[in-house]
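What follows is a single structure, written as structure tokens, with notes after it.
The values are calculated or read from the model by the stated rules, or taken from the named source; none is laboratory data. The structure presented is a predicted model; accordingly, all values stated were derived computationally and were not measured. Note that we place each Cβ from the backbone using ideal geometry, even for glycine, and neighbour counts take in every protein chain shown. Surface accessibility is based on the protein's heavy atoms, side chains included, excluding ligands, DNA and RNA. Shrake-Rupley method; radii C 1.70, N 1.55, O 1.52, S 1.80 Å.
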Amino acid sequence: MVRRITILLALFCVALLAPMNGWAQEKCRAIILTDIENEPDDSQSLVRLLLYNNEIDIKAIVATTSTHMRTRTASGTIHRIIDAYDKVYNNLRQHDDKYLSANVLHGLVYKGQESYGMAGTGETKTSEGSEKIVNELLKEDKRPLWVCAWGGVNTLAQALITLRTNMSASDLTSVISKLRVYTISDQDDSGQWIRREFPSIFYIVSPGGYGNATWVGMNNAEGEHAEMVSNEWLAENIQQGHGALGAVYPDVAYGMEGDTPSFLSLIPNGLNSPDNPNWGGWGGRYELYKPDVKKCDYDGFTGGVAIGEETRPIWTNASDTYVPFVPSSHGRAIKKGDKTYSGNQATIWRWREDVQNDFAARMDWCVKKVKEANHAPVVKLMTPEKMTVKSGEWFTLDANDSYDPDGDNISFLWFPYPEATGYKGEYPSVPAENIHEYKAQAPKVTQPTDLHYILRVTDKGKPALSRYKRIIVTVTP
């Protein structure tokens, strides 16, 4: 093991010398840790994940334990769902030839620690899953490595123990600087251990009771478009009439796809920026701070995992407030709705319609020919994605070259996203937000201030699909 780590570290150091430009345009590397068979939602999330393997570079799917399933792992269920994927693979390839074959996906399935939490870790307790994480972190690859944890993270903890045992502190710091972790709450005691022992690790988590967590915005019956996470919607758009993969999508037992937010922000849709959780995206928005343990919902459900004091800042719950635009029957095609949504779960609700429609369209790809199914529009800006203007100055953003590959009509929507930068001032009123050319006036500021504007382009296919551009405008006094 020591010799192998030495060789891999040498390759890693070579990689550090490579140019770092352009990785954000490449697929995100990801390893999934799943306590699949704890309850049905991991299987649901896996069905969705497989439909995005053309856009996320999945390096491993590791079966793990959690507080809800402490003494076994269930890699067999992962293989069973991949077998269902195999039956729709040829049809998916008609829509995108980057889809991986089932044989390749089967080769990415690993077993993690088969006992609970930190009690299952130690210098002699490696698993094929923990070794896979070690090898991926040491690979000659300039991209960050995302670990998306749907259950316990002791397999990741074991990988870190192995690395720390076999390399110098400075080399370890360099290696783990590539690590990005998103865990669906703490589902064993190793998450808090990792954050304490490795304080530099980039870590997204909602500690404490599940009801307080951002990821619950994925499935609760609150917020905008709650009907799109209903059992009726799932039956019609996912489970029935969508081939073998839809047929293995199980009914909801506790909550639909609670694990899905861990990878939604890795999808390259023009809005997501994985290394900037505070910017917001399909998987929610998170800010870097040390949470007050007293506000972490002591009385809420945690599966018995204790809530401890955080020893350093982490990426965790952030709040958005927004008023959605709704269709208008006459005149301007859209108008502001009459409901305001706020809170950390609203950072997921605000994209729910687009997220669910995108899933439904990909389920259609499992059974429909290319001409019969819908595909996302292509957003093209004619103006820069970054610009600098002065206080009070008018500026123009233009996306007239955007188009839909299916020939569908497209709609435009431009809006500011103040929470992305924390700007609390007023945005001057603008002309219509729903035409290809958006004219806005910069607010008055006393120091250089970044503003984020989001363009959402939506086609009129069925289901309607959306893609985005994020424009960063720096306003100077």
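Pairs linking a residue in region 62-83 that is in contact (Cβ under 8 Å) with a residue 40 or more places away in the chain to a residue that is open to solvent by less than 60 Å² (accessible area, probe 1.4 Å) and of a type in the set (Lys, Arg), with Cβ atoms under 9 Å and 6 or more positions apart or on different chains, are Val62/Lys132. Quick one: would you say Ala119 is of a type in the set (A, V, I, L, M, F, W, C), open to solvent by less than 10 Å² (accessible area, probe 1.4 Å), free of Cβ contacts under 8 Å to residues at least 40 places away in the same chain and outside any strand (DSSP E or B)? Answer is no for this residue. Within region 125-138, residues that are touching a residue at least 60 places away in the same chain (Cβ under 8 Å) reach partners that are polar (S, T, N, Q) and outside any helix (DSSP H, G or I) with beta carbons closer than 8 Å, at six or more positions or on different chains, in the pairs Gly129/Thr64; Gly129/Gln113. Pairing each residue of region 188-217 that is within 16 Å of Ile307 (Cβ to Cβ) with any residue that is assigned to a helix (DSSP H, G or I) and open to solvent by 10 Å² or more (accessible area, probe 1.4 Å), provided the two are 6+ apart or on different chains, yields C-beta distances under 6 Å for Asp189/Met118; Ser190/Met118; Trp193/Met118. Among the numbered conditions (1) part of a strand (DSSP E or B); (2) within 24 Å of the chain's Cα centre (by Cα); (3) crowded, with 19+ Cβ neighbours inside 10 Å, the only one that Tyr438 does not meet is (2). Look through region 244-275, keep the residues that are outside any loop (DSSP other than H, G, I, E, B) and open to solvent by less than 30 Å² (accessible area, probe 1.4 Å), and return whichever of them is nearest to Gly343 (Cα to Cα). Within region 244-275, the match that is nearest to Gly343 (Cα to Cα) is Pro261. Within region 263-304, being acidic (Asp, Glu) and touching a residue at least 12 places away in the same chain (Cβ under 8 Å) holds for Asp275, Glu287, Asp297, Asp299.
The condition (being open to solvent by less than 20 Å² (accessible area, probe 1.4 Å), small (Gly, Ala, Ser) and not in a helix (DSSP H, G or I)) is satisfied by just one residue among Gly308, Gly283: Gly283. Of the residues in region 160-173, not one is of a type in the set (Val, Ile, Thr) and surrounded by 24 or more Cβ atoms within 10 Å (Cβ to Cβ). When Gly241, Gly211 are screened for being open to solvent by 20 Å² or more (accessible area, probe 1.4 Å), farther than 23 Å from Gly280 by Cα, out of contact with any Lys or Arg (no Cβ under 7 Å at 6 or more places or on another chain) and among the small types (Gly, Ala, Ser), only Gly241 passes. Collect the residues in region 385-411 that are touching a strand residue (DSSP E or B) at 6+ places or on another chain (Cβ under 8 Å) and in a loop (DSSP other than H, G, I, E, B), keeping them in residue-number order. Listed by number, the residues that qualify are Glu385, Ser391, Gly392, Glu393, Ala399, Asn400, Ser402, Asp404, Pro405, Asp406, Asp408, Asn409. The number of residues in region 50-98 that are outside any loop (DSSP other than H, G, I, E, B) and in contact with a strand residue (DSSP E or B) (Cβ under 7 Å, 6 or more places away or on another chain) comes to 11.
In the condition set (1) of a type outside the set (D, E, K, R); (2) buried (at least 19 other Cβ atoms within 10 Å of the Cβ); (3) more than 21 Å from Tyr203 (Cβ to Cβ), Leu137 is compliant with all but (3). Does at least one position in region 266-287 carry a residue that is β-branched (Val, Ile, Thr) and farther than 30 Å from Ala399 by Cα? So far as region 266-287 goes, no, none of its residues is β-branched (Val, Ile, Thr) and farther than 30 Å from Ala399 by Cα. Comparison of Pro274, Pro324, Pro261, Pro268 shows that the only residue that is over 29 Å from Pro384 (Cα atoms) and not acidic (Asp, Glu) is Pro261. Checked against (1) surrounded by fewer than 22 Cβ atoms within 10 Å (Cβ to Cβ); (2) more than 19 Å from Gly191 (Cβ to Cβ); (3) touching a helix residue (DSSP H, G or I) at 6+ places or on another chain (Cβ under 7 Å), Trp315 meets all criteria but (2).
Screening Asp364, Asp358 for residues that are in contact with a Leu (Cβ under 9 Å, 6 or more places away or on another chain), assigned to a helix (DSSP H, G or I), open to solvent by less than 40 Å² (accessible area, probe 1.4 Å) and acidic (Asp, Glu) leaves exactly one candidate, Asp358. Within region 338-378, the set of residues being out of contact with any His (no Cβ under 7 Å at 6 or more places or on another chain) and of a type in the set (Phe, Trp, Tyr) comprises Tyr341, Trp349, Trp351, Phe359.
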